[in-house]
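The values are calculated or read from the model by the stated rules, or taken from the named source; none is laboratory data. Remember, it's a predicted structure, so these values are computed and weren't measured experimentally. Neighbour counts run over all protein chains shown; Cβ positions are idealised from the backbone, glycine included.
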Amino acid sequence: MELQLPPYKEYPIVSNERILLRQIKSEEIKDILEISFYDGKRASTIEEASAMLQKIDVDYQDGTSIHWGIFDKLTTILVGTCGYYRGFADATGELGCILRPAYYGKGYMTSALQLAIGFGKEQMGLKKIIAITTKHNNPALHLLNRLSFVKTQDLMGDDVEYEFIIRKSD
């Protein structure tokens with residue numbers, strides 16, 4: 001399959017019975033200020049988070065990322081974010097995610113990453129998906145293992161890289 005990278009004719013919406021992944025609207029930024037991170041930086045004000053959202057949109061238009069809000073379908077609450085970052089060299093996507101603390105341990109991120117992985121494989125044509133976290137982020141490490149990611153290397157500091165290899169039979 002040939003790579004099908006952003007931007008798309010319409011911003012992709014991906015869902016299952018429980019959650020919806022879609023583009024975050026500027027009026028929703030206040031709902032995720034507490035978890036607004038991008039390019040390794042955290043926003044501490046609505047203005048910084050809004051600038052971050054604008055950068056995310058520019059990166060999407062440049063074809064180097066796709067970033068979704070994770071919405072609970074029943075309540076329509078924005079519970080977190082996930083997406084692919086830092087370009088798609090060698091048909092590889094770096095998957096990142098963050099969840100509002102009130103929604104930890106409830107299966108939202110498992111569902112979101114399953115949807116994002118499926119989109120990366122089936123719609124984008126990625127050959128490999130990586131995720132980077134710290135050695136001390138036990139919930140993330142357990143989640144990556146549950147989703148069949150395999151640790152590939154220790155990085156600088158406390159960071160570790162995990163990889164999900166997409167096989168032709170997948």
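Miscellaneous remarks
- In the range 1-19, the residue that is farthest from Tyr84 (Cα to Cα) out of those that are among the hydrophobic types (A, V, I, L, M, F, W, C) and at pLDDT 95 or above is Ile19.
- Pick from the range 20-31, criterion touching a strand residue (DSSP E or B) at 6+ places or on another chain (Cβ under 6 Å) and not charged (D, E, K, R), ranking: modelled with the lowest pLDDT: Ile24
- Scanning the range 4-23 for residues that are loosely packed, with under 13 Cβ neighbours inside 10 Å and either in contact (Cβ under 8 Å) with a residue 60 or more places away in the chain or part of a strand (DSSP E or B) (or both) returns a single hit, Gln4.
- When Ala102 is tested against (1) surrounded by fewer than 18 Cβ atoms within 10 Å (Cβ to Cβ); (2) touching a Phe, Trp or Tyr at 6+ places or on another chain (Cβ under 9 Å); (3) within 25 Å of Asn137 (Cα to Cα), only condition (2) is not met.
- Candidate set: the range 64-98, residues that are touching a Phe, Trp or Tyr at 6+ places or on another chain (Cβ under 8 Å), among the small types (Gly, Ala, Ser) and closer than 20 Å to Lys127 by Cα; chosen: the one surrounded by the most Cβ atoms within 10 Å (Cβ to Cβ): Gly93
- Tyr162 passes every criterion in (1) surrounded by fewer than 15 Cβ atoms within 10 Å (Cβ to Cβ); (2) touching a Lys or Arg at 6+ places or on another chain (Cβ under 7 Å) apart from (1).
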